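Below: one structure, written as structure tokens.
The values are calculated or read from the model by the stated rules, or taken from the named source; none is laboratory data. Note that this is a predicted model, so its numbers are computed, not measured. Ideal geometry is used to build each Cβ from the backbone, glycine not excepted, and the neighbour counts take in all protein chains shown.
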Amino acid sequence: MKPSLQQSIAVARHKDKTWWHQKTHSVEDDFELSTVCHRPESMDKLQEQTKFTKKELQVLYRGFKNECPSGVVNEENFKTIYSQFFPQGDSSMYAHFLFEAFDTNKNGSVSFEDFVFGLSIILRGTINDRLNWAFNLYDLNKDGCITKEEMLDIMKSIYDMMGKYTYPTMQDDAPIEHVENFFQKMDQNKDGVVTIDEFIDSCKKDENIMQSMQLFDNVI
Ligand SMILES: [Ca+2]
Ligand SMILES: [Ca+2]
Ligand SMILES: [Ca+2]
């Protein structure tokens, strides 16, 4: 059985240990194949640069190669893969924003390296690393501050992804209220934008925001 990307991520999360134990036996054999396209030296380097073990990287790599045999993901593939995680809603907008956050070198594709660097921060990073990553995701035009418009676009995309039927009582203006609330707490000097310092400071002070960060943890 080849692992899907979801299973590989589950392994990286340590949520599915049984599957992981079964799989580790066969990883070596299959890895022989993978090494044709991905030399072990680069796995060693990746192991140094991320918080994953070599075995975890191997399992993630197999999941990644399984979903995209070419070894790189363009935005369309990414949206298709991501939609499997959220079949109940329309995840394409959120996937677009995530894709931009994962594609750190901005070449229009997410390589295995891009993918594991992001995943390492999201799953294993320190609070500061994760908040930095989230800030970068929300800062859609990457100019160093988050505007209300950017936050609203993100919120709407999350609500779309979760699907209308997940929260039947949800009002249409719920994302706007969410953003107003967010800005009330985060825009400390009231200049209409949230900077990275304001973002990290308010997230650390406010338990509710930290909880939604954990929610964000489940979104990927
Ligand atoms: Ca890239
Ligand atoms: Ca911005
Ligand atoms: Ca501000």
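A few remarks follow.
- Of all residues in the stretch 155-180, those that are more than 22 Å from Ser83 (Cβ to Cβ) and modelled with pLDDT of 80 or more total 5.
- Check on Ala134, out of contact with any Ser or Thr (no Cβ under 6 Å at 6 or more places or on another chain) and in the same structural domain as Met186 (by TED's automatic domain parsing): yes
- Ile121 being touching a residue at least 12 places away in the same chain (Cβ under 8 Å), under 22 Å from Gln7 (Cα atoms) and touching an Asp or Glu at 6+ places or on another chain (Cβ under 8 Å): yes
- Scanning the stretch 98-105 turns up at least one residue that is part of a loop (DSSP other than H, G, I, E, B), surrounded by fewer than 21 Cβ atoms within 10 Å (Cβ to Cβ) and not acidic (Asp, Glu).
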